[in-house]
Structure formats: structure tokens, C-alpha cells
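Each reported figure results from applying straightforward, stated rules to the coordinates on display, with no laboratory input. Since this is a predicted model, take the numbers as computed values, not measurements. Here the Cβ is made from the backbone with ideal geometry for all residues, glycine too, and neighbour counts use every protein chain on show.
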Number of protein chains: 2
Amino acid sequence: MDIREQGRLAKAASYKLASAGSSKKDEALRAIAEMLGSRYGEWLSANEEDLRNAEASGMKPAMLDRLRLSKERIDGIIEGVRQVMALPDPIGHVDGMDERPNGLIIGKKRVPLGVIGIIYEARPNVTVDAAALCLKSGNVCILRGGKEAINSNKCVVGLMREALKKAGLPEDCISLIEDTSRDSAKALMQLDEYVDVLIPRGGRDLIRTVARESSVPVIRTGEGVCHVYVDEAADLNMAADILYNAKCSRPSVCNAAECVLIHEAVAEDFLKLAVPLLDKHAVELRCDERALSILGQRGIKASPEDWDAEYDDYILAVHIVDSEDEAVDFINTHGSSHSEAIITRDYFKAQDFLERVDAAAVYVNASTRFTDGFEFGLGAEIGISTQKLHARGPMGLSELTSIKYIVYGKGQVR
Amino acid sequence: MDIREQGRLAKAASYKLASAGSSKKDEALRAIAEMLGSRYGEWLSANEEDLRNAEASGMKPAMLDRLRLSKERIDGIIEGVRQVMALPDPIGHVDGMDERPNGLIIGKKRVPLGVIGIIYEARPNVTVDAAALCLKSGNVCILRGGKEAINSNKCVVGLMREALKKAGLPEDCISLIEDTSRDSAKALMQLDEYVDVLIPRGGRDLIRTVARESSVPVIRTGEGVCHVYVDEAADLNMAADILYNAKCSRPSVCNAAECVLIHEAVAEDFLKLAVPLLDKHAVELRCDERALSILGQRGIKASPEDWDAEYDDYILAVHIVDSEDEAVDFINTHGSSHSEAIITRDYFKAQDFLERVDAAAVYVNASTRFTDGFEFGLGAEIGISTQKLHARGPMGLSELTSIKYIVYGKGQVR
């Protein structure tokens, strides 16, 4: 189908969905969960076709693993749909109404964004996760997944559309762009007449391209160049544990640490504690001059690019600073405004770090790995915004909403 | 100066301003008001130069009037700065903190957006209004005004920077892009490394160009294709008064009505009451077939473009519908999601209209002209957002903010 026409249908469906009410939306989510539970075999077969094509084209094992579905993974996805269903509906809430001096009664009512475009790569679970979050928050979604997962996506979007129909909602509440050429992504990015926001989910290049080329408003998510700063007043054992967790518990995710900053007064003592932990995963240490003089053969010399790198791997940049002040400047210069942590016993340093570091989440004495919708109590997450506009940090259901002013008058003119 | 360098300086200043505190910011606003009060003569002289150049290049009288400053206008601008100063500071507020099951204490703290780029046309008052709102909300602004006002802008930005310095804040909290070529606007739109948001203020073409070409997030403001729908159950006298107000009280602004939709059952009676009012300003009526058959010589035939037109003039499109349902569909298709009104005595029609019309402000029995930061009680306004992302409707100080999560831990790892 023509993408403009798909946009038009999505917009039309969005007006119906916006006033569908919570019960109707939950009925549709339940129907989706049941549909996936009873007909998951179809999805698995389609996924096998994708896997065969991917293997034939020489896809790497790590990528193949992301693409692969299994009965267990599908069960997890269904459980996710049920969890989203159980969350409170953010739509319709009016946070107080006020009467103005002229008698107008004005309130701000929470409404869906409308039509959300999701551009993502070859992870078939995103297709259902994103659709469920959009549906619960009253938003229509247009999904544009990677070409490697096209058969999986066609199948599961077909199943979800059947479920929508069964629940009495327009099928066009969820649709897939089946053309996976670069042109189709480009066309979606220009569809500002019908699409209210684009959320790219994937690597840095994808996100930057979408931000650069889109006339539809974009929410940038998931770029994570995160730091752990070990202050001179840190509990060094705590600092070593936190750094180990922030770097090694899951290095491929955006809230993992990429760089440790260490106050020079404690650098030697701290590294003595931290390196044995990092050794467990043979973490490569890319060091400035001072760190190198401490670590010797264990470190390698960093290049300037290392200070801005998102490794997503068992690699860590190591930089020694003279003060908390220098650490804050370094973070504000090189960080991606995602998650930043200070480890210190010093009350004033802790408060200063919280105040001056410019990031979505700033931690005192805890791992950056907590930046996550579930950990923060949002109940779900469509991504972690690293921009300041609209939403910042983990985006739950209420970050997928907007407001409208409703005004009750009795003939007022101005 | 190179625009990248200007961006870098602005970003550096933004970190200082973000933690400057309310008293400091108010001190700077007071210094600006005093500076403009004591040295307004310099601004007037610079403005005279702009006016001479503009007249020589054949600028139209209405545009010349927008460009012109006077002692009275400057007094009004100074009063505006003082009003902004008196508003509560939105920054620093934490709307409750929660302890998570793992003991992390998490709060959302209100913070400035950072660096705001304002692209606007030849209205020198915008230079001060925008700078004052940004300063109060802790944001650095980079101003890029129209070339016709360049001398006025250079002068007043110079005065404001002097005032900032006097108050002990970085001069770079307010800066002007002095190069008014198209290239400089383009460069600003690509400065996503340093600029957090762009707010274009001006005509539709300017706004669409910025939305299309910018990699910096944009807030679209001020496109207004607004409707008044006269329901079959309307108080027709009230409807005529409201339409007259919505169309004629200030036709050049974005919350003025461009189109009246009339239920066919009351079309003839309503037009009998409304046309004599509209006659006072000789409003041109562009009509569909049915309206034309009622109005005869008083109307002219509408072309399809009329249903999407923002006239900003004494022109009104007139369209007759068969139902409230048809009116809602028409508005959702042709409106710009700004301000929409229904005039009715019917409770259910009123609620349905509020529910289903997709716009920043939806009115029952009141004029669309009320959509305004002052009328809504925000105390100030930098524009009226017609998008759903980040802010919708009149944007006051709190719409110029973002949040950051602050997290107090005691060694937690995940």
C-alpha cells in the first residue's frame, strides 16, 4: 500500500481509538495476548523463514540471536502484553479545572499523541511491545521494522490486526510498512500531515539519521555514553562494585557505563580494587596517561575518540581527574545525557553533582544500570529519551500522551 | 562569529545559568528593564536606521508598523520584562520523591531545556520578550531575527548582555546571530550538539521550513485555521456575537476564526443575525453551494483551497453541514489543531465536540480568541504550540522546562 494512504488510514483510526475508552482497549490487548497464545506457531514459522534468509546472507550470530523467536520468548512477549493491559490508563484525566475571572472554566485533559511511527531494526519482539504500549495509551502505531524480520513482522501484525477486529476496534490501529527499502523510511519521516511523532529504536546511526531527515517530530532514545565518577571521598569497595555492575552486568545496553572517572587522590587504591573485578570479563581498559602509569601493561592508551565512545562491549575508558568539578565538566562535554553516577561519602559533592550534571538520570552511590521504566516504577517502557523535549529518561505510558485544553463557556467574547 | 562557536559558548553558559537560582535571574531581568529604561534612545536610533533601510527597499506600511519602535512601545516591552520577573520560577521543583523496593529514592526535578534557538521575523519586541522568558526559565537563548530589524536587534541584545554582566551572569545567556543570511538559519537548524530546541515564530512558511530542515527538535507554533461550529441547538444570538468576535476582533492573529460551520437547520436564521455584524468590517464570505443559495450576492463561491486557508484578514469561509458529526470530521480534516468552538445548548453535543475534536483548545459557547497564555492564566506566553509533542496550546514558563531524574542510593547494583 502507498505510505501516504497508510498514514491517512492511521489518522482516521486514531480518532476512533482516542475515544474508545479503557475497557475497549484492554479487550483488544487481551485479544492480542490470546491470539499470540493460540497461533504462535504461525509466528514461529515466519520467523524461521527470516532466520534462513539471514543465515544465507551471512548474518552474525549475535544479530541472529536478536532475530530469533522461540516458544519461551513468545511467552515472555505475551506476558508483557498482559502487564501493559494491567497498567492504569493515562488517558482522559483532567488535572483540575479552574474558573478564570471572566467565568470561563478551563482544564487540561490528557489525550493520546495520535499516530506514532516506530522505526526499528531486526527485533521482532519490539513489534508487539511497541504496539501494546501505543494501544494502551490510545495511540495508533505505524511500524517500520528491519528487512531481516519482515516475515515475522508481517505475520504478527496480521495476528494483532485480527485481534483488534475481534475486539471491535479498527484494524488500522496497528499497521506495518511492508516495504523495507530506504525510501519507505524516508516517506514515513516526511508524513507530518498524519504522523504526530516518530520514535526510532536502534543504533546511534539509525537515530541520528531519523533526527536529521524527519519533518515529523522525533524522540531520540537510547544513546548511552554513561560515566561512573569515583570521588576522592568514595567508599572504594562500593565504587568498585558499582563500576563492575555498571560495566559488566549487560554491556550491550544503553545504561551501561562506558567510562570511569577517578579522582587522582584515590586512583591507585581504587584501581587495585576494581581491576580484579573487571578481569572476570577481561574488560579492555583504555586509559589516559595517568591511569596508564598506574595500570602499566593492564591498560592500553586511549585515543581521543575513546572519550566519546559507546562501546556496548567489555571495554572501558579510564580517565583520572583532579576534582569533582573537572568530572562534571568532562561528563557534560562527553556524555550523551543519559545516566551518570557519582560515588562519594561527601554530602556537598553529591548535591553538586546532582545539581550540575546535565543528564536524564543522575545517581549518587548507585549503578547507572537502573535507568529503566520498570526499575523506575513506570510499569513499562518504550525507550529511554536522551533529549529534553517532551520526555526525558524512561518513557512509560504517560510519556506517550499529550494534552488538550477544554473550555466551558457561556457566551464569552474577548 | 562562527555559529558553531556561538553554540558552544551558549551551551557553556547554560550550565552556569541552570544553577544560578531565582534571585540571580530576577536580578538580571531587573537590570535589563533598567538598562532599556535608561538607554532606550540608543535602541530607537538603531530602529530608525532599520526603518530608513526598510522604507528605501519598499517595505509595506503594515510591515513597517511591526518593525517600528516608539517610547510607548518600549515602555510596554519593559513592563513585559517586569511581569515575567514577577512570575514564579518553575525551576528546581521536585514533584514528590518515591522510595523503590530496592531502597533507591527517585525524584523528577524540573530543569531548564538548556539552549533555545528562536527564529523570527522583523519584530524587535520579540527579541526582548523571548529573551526574558528564556532567562526566567533558566534557558540560554540564541536569537536569529529578520534582517530588516538587524540594527535594532544588535543594539538591544548588546544592552541586555551588558545587563547580564552587571548582574553577574554570563553575557552568553543571550546572544544574537548577526548574520541574517539564509545560511545562518540553516546552520542554527543543524546545531543539535548545542541547541536543545528551536521555536520558530512567524508565518506558516517560516515554521514549515524550520520543521522540515532542522535536526534540532522544533516546536511548531501559531498556525491557526480555527472554526466556529453553530449547532442546530445553538442560541443564535450568542453564536452571532461569538462568530463576530472570533473573526473580527483581531483577524491577523492565529486564534481568529477562518471558517464558520453551520447546521443546515439553522443556517438561514443564523446568517440573518450574523451577516449584519460581519458587514461592519465588510467581511468577505466564501461560501459552499448551500450557503451561497441563502446569501446570494452577499457571498462568493468558495474554491477547495478556502477550506484550508488561514486568511489573517476580513475573510470568512462559510460551510453548511448536516450534523455535529460532520462538523467534527470537517474540523479534524481541515483545521490546524489550534482552537475550535461549538455553539450549542445541547449537553451531549457539547461533550461530544470536546471529546472528539483534536485541537490544542476546544471551546463550548465561547470565542476561539481566548487561546492565549495571559487569558489562560499562564502569566506569559512564548507562542501557541499546534503540535502534540512537549507542549500544546499556549506555552508559558513551565513549557520551557524539562525534567531530570535524581536518584539517591546507598550502593545499589542491579
Point to revise | Convex hull per residue volume in Å³, alpha carbons only, for the stretch A:102-157 | key: 72 Å³
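Hey, what's the Cα Rg ratio for the stretch A:207-360 versus the globular rule of thumb, 2.2 N^0.38 Å?
Rounded to two decimals, the normalised Rg is 1.04.
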Practice item. Find the all-direction average of the projected area of the Cα convex hull for the stretch B:320-403, expressing the result in square nanometres with one decimal place. Key: 6.2 nm²
**Study point:** Teacher prompt: residue A:22 distances to equivalent labels in other copies, 7 Å Cα→Cβ, nm
**Key:** 3.6
Revision key, fill the gap. Expressed in µm² per second, the diffusion coefficient of the stretch B:274-414 from the Stokes-Einstein equation, with Rh the Kirkwood radius over alpha carbon pairs, at 4 °C and 1.567 mPa s, is 72 µm²/s
Review point. Viscosity 1.306 mPa s, temperature 10 °C: Stokes-Einstein D of the protein assembly as shown from its Kirkwood Cα radius, in µm² per second?
Key: 55 µm²/s
Review point. With charges set only on the Cβ (+1 for Lys and Arg, -1 for Asp and Glu), what does the dipole of chain B come to about its Cα centre, in debye to the nearest 20?
Key: 2120 debye
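In whole Å, what three semi-axes, largest first, describe the equivalent ellipsoid of the stretch A:59-112 built from its Cα gyration tensor (square root of 5 times each eigenvalue)?
Over the Cα atoms of the stretch A:59-112, the ellipsoid semi-axes are 48, 14, 5 Å.
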Study note, to complete from the structure: Sparse-neighbourhood loop hits (trypsin sites (Lys or Arg not before Pro), the stretch B:315-365; DSSP loop; Cβ within 10 Å at most 13 others) -> B:345
Revision key, fill the gap. Short to long, in 10 Å steps from zero, the percent of alpha-carbon pairs of chain B per bin is 5, 20, 26, 22, 17, 8, 2, 0, 0
Exercise for review: May I have the pair-distance distribution P(r) for the stretch B:145-202, computed from all Cα-Cα distances with 5 Å bins from 0 and rounded to whole percent?
Suggested key: 4, 16, 21, 24, 21, 12, 2
Review point. Once you charge only the Cβ atoms, +1 for Lys and Arg and -1 for Asp and Glu, what is the size of the charge dipole of the stretch B:362-414 about its Cα centre, to the nearest 20 debye?
Key: 480 debye
**Study point:** Computed P(r) (all Cα pairs; the stretch A:368-414; 10 Å bins; percent)
**Key:** 23, 38, 14, 13, 10, 1
Practice item. In whole Å, largest first, what are the principal axis extents of the Cα atoms in the stretch A:1-148? Key: 71, 32, 25
Check your understanding: Inter-copy label distances at residue A:249, 7 Å along the Cα→beta-carbon direction, one decimal in nm, shortest first?
Key -> 5.6
Check your understanding: In nanometres, what is the gap between the two model label sites at residue A:8 and residue B:87, each 7 Å from Cα along Cα-to-Cβ?
Key -> 4.1 nm
Revision key, fill the gap. extent check for the stretch A:2-56: Cα max minus min per principal axis, descending, whole Å, gives 45, 31, 11
Practice item. Take the alpha-carbon centre of the stretch A:105-129, take the same for the stretch B:206-238, and report the distance between them in whole Å. Key: 22 Å
Point to revise | Computed Kirkwood radius, in angstrom, where 1/r is averaged over Cα pairs of the stretch A:159-257 | key: 17.2 Å
Study note, to complete from the structure: What helix-only [θ] at 222 nm does chain B give? Using -39500 (n - 2.57) per DSSP H run of at least 4, over all residues, to the nearest 500, the answer is -13500 deg cm²/dmol
Check your understanding: To the nearest 20 debye, what is the magnitude of the charge dipole of the stretch A:206-301 about its Cα centre, counting +1 on the Cβ of each Lys and Arg and -1 on the Cβ of each Asp and Glu?
Key -> 520 debye
Revision key, fill the gap. Per the beta carbon screen (other Cys under 4.7 Å), unpartnered cysteines of chain B come out as B:155, B:173, B:226, B:248, B:254, B:259, B:287
Check your understanding: Among A:302, A:348, A:314, whose Cα sits farthest toward the positive end of the charge dipole of the stretch A:229-351 (+1 at Cβ of Lys/Arg, -1 at Cβ of Asp/Glu, about the Cα centre)?
Key -> A:314
Review point. Taking K and R as +1 and D and E as -1, what net charge do the other residues with C-beta under 14 Å from the C-beta of residue A:402 add up to?
Key: +2
**Study point:** Along each principal axis, Cα extent of the stretch B:210-299, largest first, Å
**Key:** 51, 27, 24
Exercise for review: Quick one: divide the alpha-carbon radius of gyration of the stretch A:84-209 by 2.2 N^0.38 Å and tell me what you get.
Suggested key: 1.26
Revision key, fill the gap. The correct pairing of chain A residue and whole-Å distance, for the Cβ nearest the axis that maps A onto B, is A:390, 2
Point to revise | Convex hull volume per residue in cubic angstrom - Cα atoms of the stretch B:269-330 | key: 95 Å³
Exercise for review: Using Cα centres only, tell me the gap between the stretch A:7-72 and the stretch B:308-360 in whole Å.
Suggested key: 37 Å
Check your understanding: Which of A:16/B:388; A:349/A:388; A:388/B:136; A:272/B:404 have a Cα-Cα distance over 23 Å?
Key -> A:349/A:388; A:272/B:404
Review point. In nm, what does the list of distances from residue A:268 to its counterparts in the other copies look like, shortest first, when each label sits 7 Å along Cα to Cβ?
Key: 10.1
Practice item. Could you check the simple spin-label distance between residue A:205 and residue B:171, using points 7 Å along Cα→Cβ, in nm with one decimal? Key: 4.4 nm
